[in-house]
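In what follows, a structure is listed as structure tokens, so that the remarks can point back to it.
Derivation of every value follows stated rules applied to the coordinates shown; laboratory data play no part. The structure displayed is predicted, hence computed values, not measured ones. Because the Cβ atoms are built from the backbone with ideal geometry, glycine has one as well, and the counts that use them run over all protein chains shown.
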Amino acid sequence: MAKDRYIPGLLVTILVLKLAYYAEARAKVPAVIVFGDSSVDAGNNNVISTVLKSNFRPYGRDFEGGRPTGRFSNGRIPPDFISEAFGLKPAIPAYLDPMYNISDFATGVCFASAGTGYDNATSDVLNVIPFWKELENYKEYQNRMRAYVGKRKANVIFRNTLYLMSLGTNDFLENYYTFPGRRSQFTVNQYQDFLVGLAENFFRELYALGARKFSLTGLPPMGCLPLERATNFMNQFDCVEDYNKVALEFNGKLNSLATKLNKDLPGIKIFSANVYEIFNQIIREPSSFGFEVAGMACCATGTFEMSYMCNEQNPFTCPDATKYVFWDAFHPTEKTNKIISDHLIPQLLATFA
Ligand SMILES: *[C@@H]1O[C@H](CO)[C@@H](O)[C@H](O)[C@H]1NC(C)=O
Ligand SMILES: *[C@@H]1O[C@H](CO)[C@@H](O)[C@H](O)[C@H]1NC(C)=O
């Protein structure tokens, strides 16, 4: 230690500048990779045999070229806005979309599948891609990347990529509260812990594969999705507060998991992207965000339709989606997606860029 005092000031300055330079280079995000459900699916369900699809109009009518991509919205979804904010593509391609190849995926790719959840039993309901399979596809992607850019470069990319994870709503709404299977095995509290355990395994596997930077999105106020409101006739079609309570509890457990893994795994950084509060504000005070309708969706009658029920034949679909918080009975409009993304982006940039 005593020797340090004799290092000439200039050398110290150079050393500090070099360290800062490397730190900045290391911190750059070369790609955004997405895991999860319909909140972030860019079109993987288009090519699998499920009834849960959205690659037809009016989905995508406000996307570039009015193109229905398989995103469950009228336009872009949060990962697209986040990718753009990091100076990458304005829209992240789906891994299974035959229009794209590894050169497109090198700066960002989406493995998400609408209808999936942490729990295998959730993806079984609508025969979509299970969460473990999203990870298998990511492993295949790693191999393709190594072949494409070389092993060393690929490993640097994997380490600096920002991994977005957004799922969990379906585990509760499509699975736990709809079918008796998991309800007969677990209390809702135990089920939350079961899902958090699956999330932990997923993080640990990705970490072992070289991933370090994560954004973990918790649940939205899922009792306020139009589909849930439509069944709440006992309470004047208000939000189902029991479901919102579960969402808040589950988000608290995900936060604790992030805190724990940030301590346990050297070099990992999991950012808890809590969207509940901002989403809740939008729903409770839509007019202060420029919306007119929060209780019903734009597409069709706005109460229960999504996927094939939300189609061009339906005469009731609203002409201007910017007045609506929700696009279909389960999914936000592009405008809502943008407001939520704009809320997260400064925090993500501050953490990872
Ligand atoms: C990917 O597709 C583009 C255009 O479709 C093509 O130019 C490029 O060579 C392809 N890259 C690979 C690695 O196949
Ligand atoms: C989910 O299914 C996969 C593939 O069958 C299996 O490897 C995994 O253990 C299952 N996960 C749980 C928690 O049952």
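Over 29 Å between C-alpha atoms is what I'm after, so list which of K133/K323; K89/K253; K28/K53; K89/K151; K153/K269 land there.
From K133/K323; K89/K253; K28/K53; K89/K151; K153/K269, over 29 Å: K133/K323; K89/K253; K28/K53.
Taking +1 at the Cβ of each Lys and Arg and -1 at the Cβ of each Asp and Glu, which of S307, I82, L162 sits farthest along the dipole of the chain towards its positive end, judged by Cα position relative to the Cα centre?
Comparing the listed Cα positions along the dipole, L162 ranks first.
Of the residues D37, D193, D119, which exhibits the maximal mean-square fluctuation in a Gaussian network model of the chain defined by a 10 Å Cα contact cut-off?
In this elastic network of the chain, the residue with the biggest mean-square fluctuation among D37, D193, D119 is D193.
To one decimal place, what Kirkwood hydrodynamic radius in Å is obtained for the stretch 128-208 from all pairs of distinct Cα atoms?
14.8
So what are the ³J(HN,Hα) numbers for the stretch 257-266, from phi and the Karplus equation (6.51, -1.76, 1.60; θ = phi - 60°), rounded to whole Hz, Gly and Pro as x?
4, 4, 4, 5, 5, 4, 7, 6, 10, x
Grab the beta carbon distance between S288 and K263, set R0 = 45 Å, and tell me the FRET efficiency rounded to 0.05.
0.75
F194 to Y308: extension gain in nm, 0.36 nm per residue of separation minus the Cα-Cα distance?
Gain on stretching F194 to Y308: 37.8 nm.
Averaged over all directions, how much area does the convex hull of the C-alpha atoms of the chain cover when projected, in nm²?
Taking a quarter of the hull surface, the average projection is 20.7 nm².
At 222 nm, what helix-only mean residue ellipticity would the chain give, in deg cm²/dmol to the nearest 500, using -39500 (n - 2.57) for each DSSP H run of four or more?
Only helices count here, giving -13500 deg cm²/dmol.
Can you compute the FRET efficiency between E64 and S103 using 1/(1 + (r/R0)^6), with r the Cβ-Cβ distance and R0 = 25 Å? Round to the nearest 0.05.
Once rounded, the FRET efficiency stands at 0.80.
Nearest 5 percent is fine: what portion of the DSSP beta bridges confined to the chain is antiparallel?
Roughly 5 percent of the beta bridges in the chain run antiparallel, per DSSP.
Tell me the angle of helix 188-208 to the major Cα principal axis of the chain, expressed in degrees between 0 and 90 and rounded to the nearest ten.
40
Based on Cα coordinates alone, diagonalise the gyration tensor for the stretch 56-199, multiply each eigenvalue by 5, take square roots, and list the semi-axes in whole Å, largest first.
The equivalent ellipsoid of the stretch 56-199 has semi-axes of 30, 21, 13 Å.
By how many nm would the segment from E249 to Q185 lengthen if fully extended, with 0.36 nm per residue of separation less the alpha-carbon distance?
Net length gain for the segment: 21.1 nm.
Looking only at Cβ-Cβ distances, which cysteines of the chain have no other cysteine closer than 4.7 Å?
C110
What angle do you read, to the nearest 10 degrees and between 0 and 90, between the alpha-carbon axis of helix 334-352 and the longest principal axis of the chain?
So the inclination is approximately 20 degrees.
Using only the C-alpha atoms of the stretch 212-269, find the volume of their convex hull and express it per residue in Å³.
Per-residue hull volume (Cα only) is 60 Å³.
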